[in-house]
1. Which condition number in (1) of a type outside the set (Val, Ile, Thr); (2) loosely packed, with under 15 Cβ neighbours inside 10 Å; (3) more than 24 Å from Glu152 (Cα to Cα); (4) touching a strand residue (DSSP E or B) at 6+ places or on another chain (Cβ under 9 Å) is the one that Lys114 fails?
2. Going through the stretch 127-156 one residue at a time, which ones are of a type outside the set (D, E, K, R), over 17 Å from the mean Cα position of the chain (by Cα) and closer than 17 Å to Gly92 by Cα?
3. Name every residue in the stretch 100-111 that is touching a strand residue (DSSP E or B) at 6+ places or on another chain (Cβ under 8 Å) and closer than 15 Å to Ile165 by Cβ, in order of residue number.
4. Which ones in the stretch 82-121 are of a type in the set (S, T, N, Q) and either within 23 Å of Asp150 (Cα to Cα) or over 17 Å from the mean Cα position of the chain (by Cα) (or both)?
5. Please list, ordered by residue number, the strands (runs of 3 or more DSSP E) wholly in the stretch 124-190 having 1 or more residues that are in contact with a helix residue (DSSP H, G or I) (Cβ under 9 Å, 6 or more places away or on another chain).
6. Does Phe124 count as within 17 Å of Asp97 (Cβ to Cβ), at pLDDT 95 or above and either under 16 Å from the mean Cα position of the chain (by Cα) or surrounded by fewer than 20 Cβ atoms within 10 Å (Cβ to Cβ) (or both)?
7. Among the residues of the stretch 93-102, write down those that are in contact (Cβ under 8 Å) with a residue 12 or more places away in the chain and over 20 Å from Lys70 (Cβ atoms).
Amino acid sequence: MLISLLATNFATIFTISYIGNNHSQQEQIAVARISNNKSTTTTTSPPEKPENDFHFNGTQIPADRYLQAKVIVNNFELIADLAITNDQQIKGLDVKDHLKENEGMLFVEKQPAKYDFWMRGMKFPIDIIWLDSNRTVIHIEHNLQPCISDLECPLHFPDKDALYILETVAGFSQKHNVETGTHMDFHLIR
């Protein structure tokens, strides 16, 4: 539990953030409002959100489509679907039959870790690019082929912790000189 304290002339406000089980909740409690030697306590909580109500950087994630980001790498721009929710990340690119050179999928994780990927259910080869919290490439797997069967479907993962993972058309990394240490910029577009 994280507690931060903000003092004002009229009240002391505690912001409490609960983080656990991949959910976070924030509650503000205003206390110690003193007027005429009387003390009052006020508690306010955000309204309950439905379980399928997801937000990313203040933007609601629609249930029927992916948000998108513009990704810029070595002066090349591509549009990436954002895989943010657990359901979106499980489906990944399995929902597509192909990718164009200027398309991709960007997985946005909640915290850095060594996230693994496999090519189960994929219909075409891809490059997978892992990035750290500074959006710097830390690992690349080139030209990964779809799995032949579940028994022959290896996991691919980086040696270092990643926060973002970009999937692109096979050959993208080589064609656009993407290598370990390359920096990428991306921002939400819709």
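1. It is condition (3) that Lys114 fails.
2. At the first step, the residues of the stretch 127-156 found to be of a type outside the set (D, E, K, R) are 128-131, 133-134, 136-140, 142-149, 151, 153-156.
Next, from what is left, pick out any that are over 17 Å from the mean Cα position of the chain (by Cα): 139-140, 142-149, 151, 153-156.
Listed by number, the residues that qualify are Asn143, Leu144, Gln145, Pro146, Cys147, Cys153, Pro154, Leu155, His156.
3. Gly104, Met105, Leu106, Phe107, Val108, Glu109, Gln111, listed by residue number.
4. Asn86, Gln88, Gln89, Asn102
5. Values: elements: 126-131, 137-144, 162-169, 184-188.
It comes to 126-131, 137-144, 162-169.
6. Numbers: within 17 Å of Asp97 (Cβ to Cβ): yes; at pLDDT 95 or above: yes; either under 16 Å from the mean Cα position of the chain (by Cα) or surrounded by fewer than 20 Cβ atoms within 10 Å (Cβ to Cβ) (or both): yes.
Criteria met by Phe124.
7. Matches in the stretch 93-102: Asp94, Asp97, His98.
The rows are residues; the columns are (1) among the hydrophobic types (A, V, I, L, M, F, W, C); (2) farther than 16 Å from Arg135 by Cα; (3) modelled with pLDDT of 95 or more.
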{"position": "Pro50", "(1), (2), (3)": "no, yes, no"}
{"position": "Phe54", "(1), (2), (3)": "yes, yes, no"}
{"position": "Gly58", "(1), (2), (3)": "no, yes, no"}
{"position": "Ala63", "(1), (2), (3)": "yes, yes, no"}
{"position": "Val73", "(1), (2), (3)": "yes, no, yes"}
{"position": "Lys91", "(1), (2), (3)": "no, yes, no"}
{"position": "Lys96", "(1), (2), (3)": "no, yes, no"}
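The values are calculated or read from the model by the stated rules, or taken from the named source; none is laboratory data. These numbers were taken from a predicted model, which means no experiment stands behind them. A quick note on method: Cβ atoms are made from the backbone with ideal geometry, for glycine too, and the neighbour counts reach across all protein chains shown.
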